[in-house]
Amino acid sequence: MTELSLATSRERAEPAVAELTPRPRRRRRLGPGRTSARGLAVGPLLLLAAWTVGSATGLVDPATLSPPWTVVTTSAELIADGRLQSNLLTSVQRAAIALVLGVGIGVAIALVAGLSRVGEAIVDGPVQIKRAVPTLALIPLAIIWFGIGEEMKIIMIALSVFVPIYINTHAALRGVDMRFVELAESVGLSRTQFVRRVALPGALPGFFTGLRLAVTVSWTALVVVEQVNATSGIGYLMTQARTYGQTEIIVVGLVVYAVFGLVGDLVVRAAERRALSWRRSLGS
């Protein structure tokens with residue numbers, strides 16, 4: 001009888017003990033989480049929705065900004081007569097060549113300035129001066145020096161592109177942890193090995209930040225240079241449309257620039273995630 005009473009008391013006490021035992025608290029996630037392609041599309045889709053609603057309700061004057069459906073039909077017409085494809089191909093070629101040149105120059109001089117005090121003294125000042133001078137202000141001199149052909153356009157875009165590459169790569173190089181430099185010295189790495197194994201990997205985050213900016217800048221500079229005595233390109237198409245008051249073609253050109261700028265940024269982001277897969281960061 002005593003054993004039965006003890007068992008009954010124990011059974012009654014177990015739920016009470018379970019209620020008093022603190023439950024493990026679920027850890028609160030403070031970071032924003034990993035960025036997804038769907039999440040990045042929300043902003044542009046909201047902008048498109050606002051544009052559509054504004055045009056449909058009459059809040060946006062069609063003479064000022066053509067509605068989306070007019071832009072779609074105009075794009076179809078430009079594609080049908082081949083004008084959009086030919087001008088787009090020319091613009092992409094200009095932007096791609098200038099981007100490659102600008103990135104190469106920016107990385108090279110960032111390494112010179114980031115790994116040498118003498119190099120920084122020689123290079124950094126002129127780059128900062130170039131950063132303060134807008135591309136549009138250099139066009140008159142560029143026309144005198146290089147003419148009005150393709151060379152001038154590519155050089156002007158490349159000069160605009162290399163600045164963000166240099167600024168961000170140089171800052172990342174200067175931000176490499178000194179402990180890694182001391183470790184490289186202690187294990188006897190050569191200058192080339194140090195650059196390849198320590199400096200370049202340490203500068204990659206800054207380089208990709210600069211590359212994202214450079215892709216956008218290449219399209220921005222392209223808009224400017226293609227309005228200077230150009231005979232082809234999206235900027236030329238927009239200039240001709242402005243002359244004849246064809247706002248729908250101007251908006252088509254703007255949409256093309258926006259789409260290619262956004263796609264380029266997404267491609268760079270994907271390459272950054274792959275190249276920096278080892279890094280644990282807030283957006284991982």
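The values are calculated or read from the model by the stated rules, or taken from the named source; none is laboratory data. Small disclaimer: the values here were computed from a predicted structure and weren't measured. Please note: Cβ atoms are built from the backbone with ideal geometry, for glycine as well, and neighbour counts cover all protein chains shown. In case anyone asks, the SASA skips ligands and DNA or RNA and just uses the protein heavy atoms, side chains included. Shrake-Rupley method; radii C 1.70, N 1.55, O 1.52, S 1.80 Å.
List of remarks:
- Ligands, DNA and RNA are left out, and with a 1.4 angstrom probe the accessible area of region 65-274 is 51 Å² per residue.
- Packing order of peptides 261-268, 118-125, highest average first: 261-268, 118-125 (average count of other Cβ atoms within 10 Å over each peptide's residues).
- Using the alpha carbons alone, the radius of gyration of region 65-274 stands to its Kirkwood radius in an Rg to Rh ratio of 1.08.
- Phi-based couplings in Hz for region 140-152 (Karplus 6.51, -1.76, 1.60; Gly and Pro marked x): x, 5, 4, 5, 5, 6, 10, x, 10, x, 5, 4, 4
- Fraction of accessible area attributable to carbon and sulfur, region 72-195 (%, probe 1.4 Å): 70
- The string of couplings for region 55-62 from the Karplus curve (6.51, -1.76, 1.60, θ = phi - 60°) is 6, 5, 8, x, 5, 9, 6, x Hz, one whole number per residue in order, with x for Gly and Pro.
- Karplus-derived HN-Hα couplings along region 123-138 (A = 6.51, B = -1.76, C = 1.60, θ = phi - 60°), whole Hz, x at Gly and Pro: 8, 4, x, x, 5, 5, 5, 4, 5, 7, 9, x, 4, 4, 6, 8
- Summary value for region 164-257: 27 percent relative contact order, contacts being C-alpha pairs under 8 angstrom separated by 6+ residues.
- Normalised by the number of residues in region 65-274, the mean separation of alpha-carbon contacts (under 8 Å, six or more apart) gives a relative contact order of 29 percent.
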